[in-house]
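*Asks:* Can you read through this structure? Questions will come right after.
The values are calculated or read from the model by the stated rules, or taken from the named source; none is laboratory data. Since the structure is predicted, the reported quantities are computational estimates derived from the model, not experimental observations. Note that we place each Cβ from the backbone using ideal geometry, even for glycine, and neighbour counts take in every protein chain shown. Ligands, DNA and RNA are stripped out before the accessible areas are found, and what is left, the full protein with its side chains, is counted by its heavy atoms. Shrake-Rupley method; radii C 1.70, N 1.55, O 1.52, S 1.80 Å.
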Amino acid sequence: MNRFALCILIGAIVQIALLLLSVAYGSADISLPEVSRSILRGFGLLDGEPSAMDRIVFDLRLPRALFSLLIGAGLGVVGVVLQTATRNDLADPFLFGLSSGAATGAVFVITVTGDVLGFWTLPLAAFSGGMLATAIVLGLVARLRTSAPEKLILAGLAVSFLFSALTNFLVFSGDQRAAHSVIFWMLGGLGLARWSTLPLVLLGAAAIVAFTILSHRKLDALLAGDATANSLGVPVSALRRNAFIAAAFATAIFVSVSGVIGFIGLMVPHIARALVGALHLRLSVVAAIIGGALLTASDLLARVLLAPQELPVGVITTSLGAVFVFALLMTERPR
């Protein structure tokens, strides 16, 4: 069995185990046989009236576990795409204002308008903010003579700082009673996980995975540099723009329902490349598996560390990210 197949097999086993643990453990622990029965009853495969425990398992914990899998997988692939498009090993959605724009949209709803459209107000506002940030970045780059990756990074940083400033202004000028909700949302959490919003998350994950798989040969060519990619017939500027749009679309969807979850997109591509190399067809599949497992494990840890109180999952992923970057720096060979 080759390394790629082995990664998929081990990753699938680990992910299934983490999904079961994520559904079974939390503020109240539920045995695995009871979890199985509740899931079967939820899908109508087992007779009997649903109990309160069934509702906890099927209506709350199972959607949340699936959210963590899909969002983690999507953010992992987003990191792969952005790091290749910008030729920057530290690129992730934070670097380009995508997360900052979505955060501003959500904070505006929390502190100013309230849920004027009901449950969907927050996701719609966050998604709109993320796409607005994307449009500004692309507009800035379009006015330049070149779309070199460093220009895209600088434009993204400028937009990120702009939306971060707007978010801070909204926090201090808005309803102070909403400050706790703002902080929890900006640190990331999966409390909005519902069956009704699962298709939205699935759309985001499917969009970025589909783009990466369909464009994998062009992305592979980009690894050799712009000049080589151009000589192979790859439209480098268009590819870089499309990669950024796909990453932004997926990120805006994820942030709209989970808040800002950091460092998944930075860490996962490095781990996946160490396992299967830099070619994007295998890399994107393994990155999706690792990202899903990493966020599922982080969310489980966030729920059990201070149970029954719940930590924002971003606290866990940011802590892991800091350790990862330290390790990256310590293992880098001097040139």
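*Asks:* Please determine, in degrees from 0 to 90 and to the nearest 10, the orientation of helix 32-42 with respect to the longest principal axis defined by the Cα atoms of the chain, where the helix direction is its Cα long axis.
*Replies:* 90 degrees
*Asks:* Could you calculate the contour length gain from T228 to D115, that is, 0.36 nm times the residue separation minus the distance between their Cα atoms, to one decimal place in nm? Intermediate values should be presented prior to the final figure.
*Replies:* Working: separation 113, 0.36 × 113 = 40.68 nm, distance 5.07 nm.
That pair, T228 and D115, stretches by 35.6 nm at full extension.
*Asks:* Show me, for the stretch 59-74, the HN-Hα J-couplings you get by feeding each phi into the Karplus relation (A = 6.51, B = -1.76, C = 1.60, θ = phi - 60°), rounded to Hz, glycine and proline as x.
*Replies:* 8, 10, 6, 5, x, 5, 5, 5, 4, 4, 5, 5, 5, x, 4, x
*Asks:* Could you derive backbone 3J(HN,Hα) for the stretch 7-15 from the dihedral phi with the Karplus parameters 6.51, -1.76 and 1.60 (θ = phi - 60°), listing whole Hz in sequence and x where the residue is Gly or Pro?
*Replies:* Along the stretch 7-15, the couplings run 4, 5, 5, 5, x, 5, 5, 4, 5 Hz.
*Asks:* Also, quick follow-up: Hey, can you grab everything whose amide H is under 5 Å from the amide H of L187? Only 5+ residues off in sequence or another chain; H modelled, so Pro and N-termini drop out.
*Replies:* V260
*Asks:* A further question on this structure: Using the Cα centre of the stretch 1-157 as the reference point, and only Cβ charges (+1 on K/R, -1 on D/E), how large is the resulting charge dipole? Debye, rounded to the nearest 20. Don't jump to the answer; show the numbers that get you there.
*Replies:* Working: 10 positive and 10 negative charges, 128 e Å.
Using Cβ point charges on Lys, Arg, Asp and Glu, the stretch 1-157 gives about 620 debye.
*Asks:* Measure off 7 Å from each Cα along the Cα-to-Cβ vector at T331 and L281, then give the distance between these two points in nanometres to one decimal.
*Replies:* Those two pseudo-labels are separated by 2.7 nm.
*Asks:* To the nearest 10 degrees, how steeply does helix 264-276 sit against the main Cα axis of the chain, on a 0 to 90 scale?
*Replies:* Its long axis makes an angle of about 80 degrees.
*Asks:* Could I ask something else about it? Please compute the length gained on full extension between A135 and L90, using 0.36 nm multiplied by the number of residues separating them and subtracting their Cα-Cα distance.
*Replies:* Details: separation 45, 0.36 × 45 = 16.20 nm, distance 2.21 nm.
This chain segment gains 14.0 nm when fully extended.
*Asks:* Sum up the charges of everything whose Cβ sits under 9 Å from the Cβ of P149, counting Lys and Arg as +1 and Asp and Glu as -1, but leave P149 out. Please report the intermediate quantities before stating the final value.
*Replies:* Working: positive: R87, K151, R240; negative: E150, D226.
The answer is +1.
*Asks:* Does the chain classify as rounded, prolate or oblate by the C-alpha gyration tensor (a ≥ b ≥ c root eigenvalues; a/c under 1.5 gives rounded; else a/b over b/c gives prolate, otherwise oblate)?
*Replies:* Values: a/c = 1.89, a/b = 1.27, b/c = 1.49.
In terms of gyration-tensor shape, oblate.
*Asks:* Right, next: Which whole-number percent gives the relative contact order of the chain, counting Cα pairs below 8 Å spaced six or more residues apart? Show your work: numbers first, answer last.
*Replies:* Values: 531 pairs, mean separation 100.4, N = 335.
Rounded, it is 30 percent for the chain.
*Asks:* How high is the relative contact order of the stretch 1-79, in percent, with contacts defined as C-alpha pairs under 8 Å that are six or more residues apart? Please report the intermediate quantities before stating the final value.
*Replies:* Details: 35 pairs, mean separation 19.9, N = 79.
The normalised contact order for the stretch 1-79 reaches 25 percent.
*Asks:* What whole-number distance in Å separates the alpha-carbon centres of the stretch 275-335 and the stretch 155-189?
*Replies:* The distance from the Cα centre of the stretch 275-335 to that of the stretch 155-189 comes to 24 Å.
*Asks:* How large, in percent, is the carbon and sulfur part of the accessible surface of the chain at a probe radius of 1.4 Å?
*Replies:* C and S atoms contribute 69 percent here.
*Asks:* Still on this structure: For n ≥ 4 DSSP H runs only, could you compute -39500 (n - 2.57) per run for the chain, divide by its residues and tell me the 222 nm figure to the nearest 500?
*Replies:* On the way: 15 runs with 238 residues, N = 335.
The helix-only estimate for the chain comes to -23500 deg cm²/dmol at 222 nm.
*Asks:* Under the rule a/c < 1.5 gives rounded, and otherwise a/b versus b/c splits prolate from oblate, where does the stretch 67-150 land using the Cα gyration tensor? Kindly include the intermediate steps, with their values, before the conclusion.
*Replies:* Details: a/c = 3.23, a/b = 1.51, b/c = 2.14.
Oblate, since a/c reaches 1.5 and b/c is not below a/b.
*Asks:* Compute the distance in nm between two label points, each set 7 Å from the Cα along the Cα-to-Cβ direction, one at V14 and one at H216.
*Replies:* Going from the V14 label point to the H216 one covers 2.0 nm.
*Asks:* So for the pair V323, A142, with labels modelled 7 Å out along Cα→Cβ, what separation do we get in nm?
*Replies:* Output for this residue pair reads 4.4 nm.
*Asks:* Determine the sum of side-chain charges near V201: Lys and Arg each +1, Asp and Glu each -1, restricted to other residues whose C-beta is under 12 angstrom from that of V201. Please list the in-between numbers first.
*Replies:* Numbers: positive: R64, R194; negative: none.
Every neighbour counted, the sum reads +2.
*Asks:* Once fully extended, how much extra length lies between R55 and N168, figured as 0.36 nm per residue of separation less the alpha-carbon to alpha-carbon distance?
*Replies:* Additional length available on full extension: 36.9 nm.
*Asks:* Under a 1.4 Å probe, what is the accessible area of the chain per residue, stated in Å²?
*Replies:* On the way: 15740 Å² over 335 residues.
With all protein chains present, the chain gives 47 Å² per residue.
*Asks:* With a cut-off of 8 Å between alpha carbons and a minimum separation of six or more residues, what is the relative contact order of the stretch 29-179 in percent?
*Replies:* Worked out over the stretch 29-179, it gives 23 percent.
*Asks:* Another question, then. Please report the spacing between the Cα centers of the stretch 204-236 and the stretch 238-272 in Å, no decimals.
*Replies:* 16 Å
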